[in-house]
Amino acid sequence: MISERAGKIKPSATLSIDSKAKEMKAMGVDVISFAVGEPDFDTPDNVKAAAVKALNDGFTKYTPVGGIPQLKDAIIEKLRRDNSLEYMRDEVVVSCGAKHSLYNVAQALYSPQDEVIVPAPYWVSYPDQVLLNDGIPVFIETGEDNKFLATPEAISEKITSRTKAIILNYPSNPTGFTYGRNNLEGIAELAVKHNLYVISDEIYEKLLYNGVKHVSIASLDPEIKKRTVVINGFSKAYAMTGWRLGYAAGPADVMKAVENIQSQSTSNPTSFAQKAAVEALEGPQEFIGRMLAEFDKRRKFLVSGLNAIDGVSCIMPEGAFYAFPNVKKYVGTGTGKWRIQGSSDMAMYLLEEAHVALVPGSAFGAEGYIRMSYATSMENLREGTSRIKEALSKLSR
Ligand code: PMP
Ligand code: GLU
């Protein structure tokens, strides 16, 4: 019999829908996938070459648990340069992906019954990671009218004597919106006043359009920095999803606990991947601009394509590579054996009938929406939206 803890969680919806789409493809079905959030760009050559060099140099052994000093220093320099944040080596831990960093931090911070505030729509893994660590996720509903952002007032209403932390993700997966300085200042004030930790997942920071600037909540003042754990990684900015490397930076006592947890679970992240990550941070950065320009074109194309579909509306995201269209008008419709009672039925219907894979809003705590990743070709975006349009036109009340 599995543990009570394991019984509380479900598989990651993003990964399981992607697997289903890949399975269908392998069986010869022409599936277009907007399901998983990973850049369709290859890792830059200079980064790959650094890993090859590390392998050829025999850099194939265990490294220090929390990452090699050279990578920690490159991360410290990046946080200084991009985010105006100062950290020491004992305040940074490198793990096997930002997801792993987030998990380690959850292990390090939550005790049974601790409440963790999670604004919805949230990234799929936050609530389950809280549950796996015996905490209680407390959700805040947000709306399109406020770009799906949680206001300090809304957060304040959820704070109790058991609140331990707030998880923020900006730019957001799945909505693509980001917190500006004003909102962050209000949230920081609350966190300081109530002695809460802020887990600040900034993995999409480089993917912001129209010159929108990223501000890290930790950079606002020393008091909030003491309570913030910044999460970032290499998957999105450097198209390195398969390399499994991410990091956390925060107060030394929390990072020490994170390192201890890692030393008893996975040990160090892969040695030669760490060398590649040094090159990613220290080498030329033009790759990001090229990828961003391409994503920007696709963003506009997809959002205007979605808004041209009867009954669908989509506000223009300002970051990341997701569109989060509203499909509420289709709830309660159907055709043949299909009854669309929510976003999950909608995703299933589109997968089976239109061979388009996407993630239901329910996986992100936002019923009535679907998430589409536009980290895919223009051709797929064109064909995919046209399939969605046709499939939706068959639904009626
Ligand atoms: N946070 C968010 C918001 C994400 O979308 C992802 C993407 N998978 C991650 C963390 C984890 O990224 P990774 O583990 O690949 O570094
Ligand atoms: N973050 C990506 C997504 O949301 C990758 C999948 C995952 O890690 O869950 O699709």
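Here are a few things to note about the model shown:
- Acute angle (nearest 10 degrees) that the helix 69-83 long axis makes with the longest principal axis of the chain, alpha-carbon atoms: 60
- Counting only aspartates and glutamates at least 8 places from residue 22 when in the same chain, those with an alpha carbon closer than 17 Å to its own are 30, 38, 40, 352, 353.
- Net length gained if the chain between residue 82 and residue 394 were fully extended (0.36 nm per residue, minus Cα distance): 107.5 nm
- Length added when fully stretched, residue 304-residue 73, from 0.36 nm per residue minus Cα-Cα: 78.9 nm
- Against the chain, whose longest principal axis is taken from its Cα atoms, helix 378-393 shows a tilt of about 50°.
- Peptides 242-251, 28-37, 322-331 ordered by packing proxy, namely the average of other Cβ atoms within 10 Å per residue, highest first: 242-251, 322-331, 28-37.
- Under the simplified labelling scheme, the residue 341-residue 49 pair shows an inter-label distance of 5.7 nm, with each label point 7 Å from Cα along Cα→Cβ.
- Leading residue at positive end of dipole, the stretch 1-82 (Cβ point charges), from 27, 55, 41: 55
- Amide hydrogen neighbours beyond the local backbone of residue 357, cut-off 5 Å, H modeled: 32, 33, 34
- Spin-label model distance (nm) - residue 212 vs residue 5, 7 Å beyond Cα toward Cβ: 3.6
- Taking 266, 333 and counting other C-beta atoms within 10 Å, the order from fewest to most: 266, 333
- Amide hydrogen neighbours beyond the local backbone of residue 142, cut-off 5 Å, H modeled: 120
- Only lysines eight or more places from residue 225 in sequence, or on another chain, were considered; those with a Cα closer than 23 Å are 72, 78, 99, 158, 164, 193, 206, 213, 256.
- In a simple Cβ point-charge model (Lys, Arg +1; Asp, Glu -1; nothing else charged), the chain has a dipole of about 500 debye relative to its Cα centre.
- Order of 79, 281 under a 10 Å beta carbon neighbour criterion, fewest first: 281, 79
- Angle between the chain longest axis and helix 286-307 axis [Cα atoms, degrees, rounded to 10]: 30
- 3J(HN,Hα) along the stretch 252-265, derived from phi through the Karplus expression 6.51 cos²θ - 1.76 cosθ + 1.60 where θ = phi - 60°, amounts to 4, 5, 5, 5, 5, 4, 4, 5, 4, 4, 5, 5, 9, 10 Hz, with x in place of Gly and Pro.
- Taking amide hydrogens as placed 1.01 Å from N in the peptide plane, the amide H of residue 198 sits under 5 Å from those of 166, 228, 229, each at least 5 positions away in sequence or on another chain.
- Nearest-20 debye value, the stretch 241-335 charge dipole, Cβ charges on Lys, Arg, Asp, Glu: 380
- Order of 86, 189 - criterion: other Cβ atoms within 10 Å of each residue's Cβ, fewest first: 86, 189
- Estimated at 0.36 nm per residue, the fully extended path between residue 282 and residue 194 surpasses their Cα-Cα distance by 27.9 nm.
Values quoted throughout were computed directly from the atomic coordinates according to the rules given, and no laboratory measurement underlies them. Remember, it's a predicted structure, so these values are computed and weren't measured experimentally. As a convention, Cβ positions derive from the backbone with ideal geometry for all residues, glycine included, and neighbour counts pool all protein chains shown.
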